[in-house]
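See below for the structure under consideration.
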Amino acid sequence: MPTVNLTVNGKAVSANVEARTLLVNLLREQLGLTGTHVGCDTSQCGACVVHVDGKSVKACTLLAVQANGSKVTTIEGLASGDKLHPMQEAFREHHGLQCGFCTPGMVMSAVCLAQNHPNLTEKDVREGLEGNLCRCTGYHNIVQAVLAGAQAMRR
Amino acid sequence: MAPNDTGIGASVRRREDYRFLTGQGTYTDDINRPNQTYAWIVRSPHAHATIKSVDTKAAKAAPGVIAVYTGEDFKAINGLPCGWLVHSRDGKPMIEPKHPILAHGKVRHVGDPVAVVIAETKAQARDAAEKIAIDYAALPAAGDMKAALAPGAKPVHDEAPGNLCFDWELGDKAATDAAFSKAARVVKLDLVNNRLVPNAMEPRAAIGEYDRATGEHTLYTTSQNPHVIRLLMGAFVLGLPEHKLRVVAPDVGGGFGSKIYHYAEEAIVTWASKQVGRPIKWTAERSESFMSDAHGRDHVTHAELALDKDGKFLGFKSETLANMGGYLSTFAPCIPTYLHGTLLAGNYATPAIWTNVKAVFTNTVPVDAYRGAGRPEATFILERIIDKAARELKMDPAELRRRNYIKPEQFPYQTPVALVYDTGNYHATLDQVLKLSDAAGYEKRKAESKARGKLRGRGIASYIEACGIAPSNVVGSLGARAGLYEAANVRVNPTGNVTVFTGSHAHGQGHETTFAQVVSTMLGIPMDQVEISHGDTNRVPFGMGTYGSRSIAVGGTAIVKALDKIIAKGKKIAAHLMEAAEADIEFKDGKFTVAGTDKSTPFGAVALAAYVPHKYPLETLEPGLDETAFYDPKNFTFPAGSYVCEVEVDPETGVVEVQSFAAADDFGRLINPMIVEGQVHGGLGQGIGQALLETCVYDKDGQLQTGSYMDYTMPRADDLPSFKVAHSVTACTHNPLGVKGCGEAGAIGAPPTVINAVIDALSEYGVTHLDMPATPHRVWQAIQAAQPAKR
Amino acid sequence: MYEFAYHRPSSLADAAKLILEAGDNGKLMAGGQTLIPTMKQRLASPGTVVDLGALKDLAGIKVEGNAVAIGATTTHAAVAASKDVQAKIKALAELAEGIGDRQVRHLGTIGGSIANNDPAADYPAAVLGLGATITTNQRKIAADEFFKGLFETALKPGEIITAVGFPVPEKAAYMKFRNPASRYAIVGVFVAKTAGGVRVAVTGAGQGGVFRVPDMEKALAGNFSAKAIEGVKVAATSLNADIHASAEYRAHLIGVMARRAVTAAG
């Protein structure tokens, strides 16, 4: 069984995995990081989005072995202690979540989107979240949250 | 008194958000039990087939496999029960065939479970499942209701030779026919309410665990109503007594109706965990969800509206075919009947109404409640035919509605289809939405669109829904096999903080916040002194769960009733503590006061006295401060509203873009406006999704064509606009909070609003109706089919 | 997904050797954004996967005279964000920006997309529409010789794409009409006015994958305007049909998208 060495949320981890093990399986099942969710099997819903080397990717569409040597950040690694990341705080303030299932992927996508776009418009946000499905919110408050979170991240 | 920023009416930020935002929610698939195994379900690839043989030998020998079970193993076990018995108009009960846990002898839809493999890992279970050899003999299948009802169609169930489950009617046919005979104009419309797949983002999951030492079963499941599952699975399927069966529905990632029902997988993991002596986890893949979660809608309707020369509605009638799918899901029969036929008065004072609903078995996934459940279907029919009438009469569609609304002074209003609306003001929501949507500026916007080569259209619709289901004696007389009350237990702890156990279940609705606001306001204690607990049959006394926008109206009222008992007992204790007469004690702002004096004792002191009863009337009063209430509603609640949508159609491609959407709702009193607005947004998203994007397609042989997000169009952020929402309030007259419920409104009102707007945009082509979803392809085809002169 | 043998070679030569050894049972993987979903659905079941992710030399964008060379493992996000691509072939950057979603673009690569030749993929339209040249570890292949039908290319066993060279056009634009559910192209039309003439390439619609539309190219050669192709019809007979779009609708959309692309190209 291949061994993968990763830095996950700042901590070095090592695990033996089958080649077919997806990064999301490694995170959820072997590392106990169940904040990253699986909402589909066709790589479309975005509930599993994490950052690999600073970029948002779908952890369900990346083999654990492919990520060997990478730095992975999951939703569990976003806040600093009890202090929420500005994007998390914005989701709370703007009621950008209901059932919470899409939320980790949504927040991770939003953080990466905001990092790469200095002046997000509503249209940018709507298009930028194309890869994240939410069934609860109609996206209205998610869009408000991301706009506010992006602004807060610049401060 | 609770601080104003957390009391009833305040947009308190949600207390559940911290755990969800930091990845610390606990959904069923996040739970892992010691020594856990995994189940993979083998499902039928056929829509209709005889199972000739199932050979599990190779699978049983595959690596990691612990057990394999087939329909043979479940032959002696009861099927999944149906919770609602509908009678046909000839008085006969509906045909109610067995719904086996694992198919035996025959499969009736693609996805019908046939076998289950239990293995050490999910991958091993899935690998082994491919080694099960099943010999099917395919049968002719009915992929839709037309095929199922065709003469000579193969019965889905032998018990139902013509594939008809029931033939039901409501209303006065003779009076309706008489009204039509006097009509100046009769408007007719044929329409389809498209089949939808609920698609809660969390796929269903279940973990079964059996404790040999205590004989207790535990089921962790993605449910909207764990006590209902305990009752249905325990009493009707597996024969497990309630005291030996615990059902836990932890954090649940959305439901929208699809997680009300008792599903086969719950019974499989519960039963099999005892057989294998280890916990078993099953989690659906999304493609399994598409073929095993109950679907929604799927009605085909012919409707007629009779009007007098002034546009007054004289009568309405409709005939509907409702798809039940291959088996009866838990509440399937009540959706097209008592949640649809009874809503056909809408917001209007139509004097005569008659409807007929025929429920049909087909070789498709069972159909049951999905956000709105029956009420969107009723609203779509009414609001489309009224719009068509306005167009034929060349009348302003807002004016035609206004002319026919039930007037505020007419409440309580008895409709011709059984319901009594307690209160409402439909004129107010219409006026509000016209203003909110800047109706005055529409012509200018239309001209701007035209200058860009786009067709702009504007649609209006009103809706009413019956929520807060429901008075148990009423629904019992209509066929419900359950009561529909709610339970709450308020446990005041010795130091004055409070734990509330509610039978309502939150899967996105924010009860932990809203209910705490109610408790905090009523007891006058800070919100952080209140904990709301739900979802575990071993903690909550009882519960009927969350669906039909009932949580605040029924579950919230149960909490209020329990709080009333707490306050009543508190007054007794306070009277003793302050040596006053009980009748003189008032409770306000968190204090018990002797009326007319400055003597008072705080809530916390009373709580402490109840648990440390040193100075306490022990001879007449039990110690402790812990009260339970069951609340059975007196009537349904009737949220209502009016919506306006503007769309732009690209005539070259058929693409419809929603330019704006305004919603004005009356939900009665609001507990947390932020959460209410969020619920409206979500409903609108799903309603616009139904109107423009979503549809579940089966081919004529019953093969599912939209089995994943590759083909089933889920609304994405860039498909939807920002919404404008507003509220007006007529307080519900029969519950103490004056609340009505808000969860389904958007999904009910949005589809006709959007389609009315699309038809308005296409009116210059002579298009008078389009079935949902109005996809680019369908809109383009409608334009092509229009008179060439008009193109 | 089924279990498989995984290799992550550190040189192109090793990669070629490993994939040759694996034979028909082997699959090259770059970003994996198509291969992994296919394997998850158990629609592909390679016994060996050779991951090109460690071959860092294969990623990168270079302007070489009047052409832009894009390394095979350059991600869609990198192409979209490249100042060079934006300056030289804006249509290509825009096309890359429209592939999949942001997460897919962070991993998916140009080489993977072209080698897979999905009939609804975007890149084949640009490669054919610009008359690009595909460089492999063995040879150079002209775009017109590369695409051989659904999921079929001119690549031989052991042959690995290393780069794609795009000539800089005078004008170009890509217009896509997306499948509302999957967001893949129902019809995507790439139009370019190049030194070698006008090229019009269509993806998403053809039963045999990406194809050129000679009648449109001829009409545009004389008069590069939307008006020039108003009367040019594409026959529906060889186009795809599914629940989202009939062949007739696709044929119609080819015309609309082509005209809009010509207008956008300026």
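To the nearest 20 debye, what is the magnitude of the charge dipole of the stretch B:178-294 about its Cα centre, counting +1 on the Cβ of each Lys and Arg and -1 on the Cβ of each Asp and Glu?
The dipole of the stretch B:178-294 has a size of about 460 debye.
Where the centre of each part is set by its Cα atoms, how far does the stretch B:78-99 sit from the stretch B:444-469, in angstrom?
If you average the Cα positions of each part, the centres end up 41 Å apart.
Among B:A774, B:G746, B:G707, which residue has its Cα positioned farthest towards the positive end of the charge dipole of the stretch B:690-791, with +1 placed on the Cβ of Lys and Arg, -1 on the Cβ of Asp and Glu, and the dipole taken about the Cα centre?
Result: B:G746, furthest along the dipole toward the positive end.
Treating only the Cα positions of the stretch B:653-749 as identical point scatterers, give the base-10 log of I(q)/I(0) from the Debye formula at each q in 0.16, 0.20, 0.25 Å⁻¹.
Those come out to -0.76, -0.97, -1.27, one per q.
Near B:K309, which lysines are there with a Cα under 18 Å away, not counting those fewer than 8 places off in the same chain?
Cross-link targets: B:K182, B:K188, B:K388, B:K394.
Given 0.36 nm per residue, what is the gain on full extension from B:E159 to B:E319 after removing their alpha carbon distance, in nm?
Extra length from B:E159 to B:E319 when fully extended: 55.2 nm.
Computed from the mean reciprocal separation of all distinct C-alpha pairs, what Kirkwood hydrodynamic radius does the protein assembly as shown have, in Å?
Numbers: mean 1/r = 0.0315 Å⁻¹.
Over the protein assembly as shown, the inverse of the mean reciprocal pair distance is 31.8 Å.
Beyond a 28 Å Cα-Cα separation, which of these cross-linked pairs lie in this structure: B:K591/B:K634; C:K56/C:K88; A:K83/B:K588; A:K71/C:K40?
From B:K591/B:K634; C:K56/C:K88; A:K83/B:K588; A:K71/C:K40, over 28 Å: B:K591/B:K634; A:K83/B:K588.
Taking Rh as the Kirkwood radius, which is the inverse of the mean 1/r over Cα pairs, what is the Rg/Rh value for the stretch A:3-77?
Result: Rg/Rh = 0.91.
Looking at the P(r) of the stretch C:1-50, how many percent of alpha-carbon pairs lie beyond 18 Å? Mind dumping the intermediate values first?
Details: 301 of 1225 pairs.
Cα-Cα pairs of the stretch C:1-50 separated by over 18 Å account for 25 percent.
Which far-off residues, 5 or more places away or on another chain, put their amide H under 5 Å from the one on B:T37, with H placed in the peptide plane?
Correct list: B:I280, B:K281.
With N denoting the number of residues in the stretch B:414-468, provide Rg(C-alpha) divided by 2.2 N^0.38 Å, to two decimal places.
1.69
Sorted from fewest to most neighbouring beta carbons within 10 Å, what does the list A:T7, B:T364, A:T121 look like?
Neighbour counts put them in this order, fewest first: A:T121, A:T7, B:T364.
Kindly flag which residue pairs out of A:K55/C:K140; B:K131/B:K281; C:K176/C:K233 have an alpha-carbon separation exceeding 23 Å in this structure.
Details: A:K55/C:K140 33 Å; B:K131/B:K281 21 Å; C:K176/C:K233 18 Å.
In this structure, A:K55/C:K140 lie more than 23 Å apart at Cα.
How well do other chains shield peptide B:9-21, expressed as the mean number of their Cβ atoms within 10 Å of each residue Cβ?
5
Would you mind getting me the FRET efficiency between B:S722 and B:D396? Use the beta-carbon distance for r and R0 = 30 Å, nearest 0.05.
Working: r = 27 Å, r/R0 = 0.89.
About 0.65, to the nearest 0.05.
Just to be sure I understand: if I project the alpha-carbon convex hull of chain C onto a plane and average over all orientations, what area do I get in nm²?
Reported value for the Cα convex hull: 13.2 nm².
Report, largest value first, the span of the C-alpha coordinates of the stretch C:1-114 along each principal axis, in whole Å.
44, 30, 18
With θ set to phi - 60°, apply the Karplus curve 6.51 cos²θ - 1.76 cosθ + 1.60 along the stretch C:5-15 and write out the HN-Hα couplings as whole Hz, x wherever there is a Gly or Pro.
Working through the residues one at a time gives 8, 10, 10, 10, x, 9, 9, 4, 4, 5, 4 Hz.
Place a +1 charge on the Cβ of each Lys and Arg in chain B and a -1 charge on the Cβ of each Asp and Glu, then give the dipole magnitude about the Cα centre in debye, rounded to the nearest 20.
720
At 222 nm, what helix-only mean residue ellipticity would chain B give, in deg cm²/dmol to the nearest 500, using -39500 (n - 2.57) for each DSSP H run of four or more?
When only DSSP H runs of four or more count, the value is -7500 deg cm²/dmol.
In 10 Å bins starting at zero, report the fraction of Cα pairs in the stretch B:485-631 per bin as a rounded %.
All Cα pairs considered, the percentages come to 13, 42, 30, 13, 2.
Just from the alpha-carbon atoms, what are the Rg and Dmax of the stretch B:93-150 in angstroms?
Considering the stretch B:93-150 through its Cα atoms, Rg and Dmax are 15.4, 47 Å.
Report, in debye and to the nearest 20, how large the dipole of chain C comes out about its Cα centre when Lys and Arg carry +1 and Asp and Glu carry -1 on their Cβ.
560
Among the GluC sites (Glu not before Pro) in the stretch C:127-187, which ones are in a DSSP loop with at most 14 other Cβ atoms within 10 Å of the Cβ? Mind listing them?
For GluC sites (Glu not before Pro) across the stretch C:127-187 that sit outside H, G, I, E and B with at most 14 neighbouring Cβ atoms in 10 Å, the list reads C:E152, C:E170.
Mind checking B:243-252 for the average number of partner chain beta-carbons within 10 Å of each residue's beta-carbon?
Shielding by partners across B:243-252 averages 1.
When you look at the Cβ of every residue in A:60-69, what mean number of other chain Cβ atoms sits within 10 Å?
6
Find which of B:I566, B:G208, B:N425 sits farthest along the positive direction of the dipole of chain B, computed with +1 on the beta-carbon of Lys and Arg, -1 on that of Asp and Glu, about the Cα centre.
B:N425
What FRET efficiency comes out for C:E170 versus C:E145 if R0 is 25 angstrom and r is the Cβ-Cβ distance? Round to the nearest 0.05. Mind dumping the intermediate values first?
Working: r = 24 Å, r/R0 = 0.94.
That gives a FRET efficiency of 0.60.
Tell me, what HN-Hα J-couplings in whole Hz come from the Karplus equation 6.51 cos²θ - 1.76 cosθ + 1.60 at θ = phi - 60° for each residue of the stretch B:744-751, using x for Gly and Pro?
Whole-Hz 3J(HN,Hα) from phi for the stretch B:744-751: 10, 3, x, 6, 8, x, 5, x.
Whole Å is fine, so just give me how far the alpha carbon centre of the stretch B:717-735 lies from that of the stretch C:141-190.
For the stretch B:717-735 versus the stretch C:141-190, the Cα centre distance is 47 Å.
Tell me, what ³J(HN,Hα) does each residue in the stretch C:195-202 have, in order and in whole Hz, if you take phi through Karplus 6.51 cos²θ - 1.76 cosθ + 1.60 with θ = phi - 60° and put x for Gly and Pro?
With the stated coefficients, the stretch C:195-202 comes to 4, x, x, 8, 10, 10, 10, 10 Hz.
May I have the pair-distance distribution P(r) for chain B, computed from all Cα-Cα distances with 20 Å bins from 0 and rounded to whole percent?
Distribution as computed: 16, 46, 31, 7, 0 percent.
For the charge dipole of the stretch C:1-50, defined by +1 on Lys and Arg C-beta atoms and -1 on Asp and Glu C-beta atoms about the Cα centroid, which residue among C:T48, C:Y6, C:P37 has the Cα displaced farthest towards the positive pole?
Result: C:P37.
Return the subset of B:K244/B:K274; B:K565/B:K599; B:K572/B:K599 for which the Cα-Cα distance in this structure is over 20 Å, preserving the input order.
On the way: B:K244/B:K274 13 Å; B:K565/B:K599 22 Å; B:K572/B:K599 15 Å.
Over 20 Å Cα-Cα: B:K565/B:K599.
Pull up all non-local amide H partners of C:L28: gap of 5 or more, or a different chain, and H-to-H distance under 5 Å with H placed in the peptide plane.
Those qualifying (amide H under 5 Å, at least 5 residues apart or on another chain) are C:V50.
In the stretch B:1-157, what is the volume of the convex hull around the alpha carbon atoms, normalised per residue and reported in Å³?
Convex hull volume per residue, Cα atoms: 256 Å³.
Over the stretch A:86-154, what portion of Cα pair distances is larger than 17 Å, expressed as a whole percent?
Value for the stretch A:86-154: 26 percent of Cα pairs lie more than 17 Å apart.
What longest range of chain B stays clear of loop-exposed GluC sites (Glu not before Pro) (DSSP non-H/G/I/E/B, at most 16 other C-beta within 10 angstrom)?
The answer is B:160-578.
Sequence-distant or interchain residues sharing an amide H contact under 5 Å with A:H85, placed H: which?
Under 5 Å from the amide H of A:H85: A:A79, A:S80.
Here, each number is a calculation from the coordinates, and none is a lab measurement. Everything numeric in this text was worked out from a predicted model, so none of it was measured. Note that we place each Cβ from the backbone using ideal geometry, even for glycine, and neighbour counts take in every protein chain shown.
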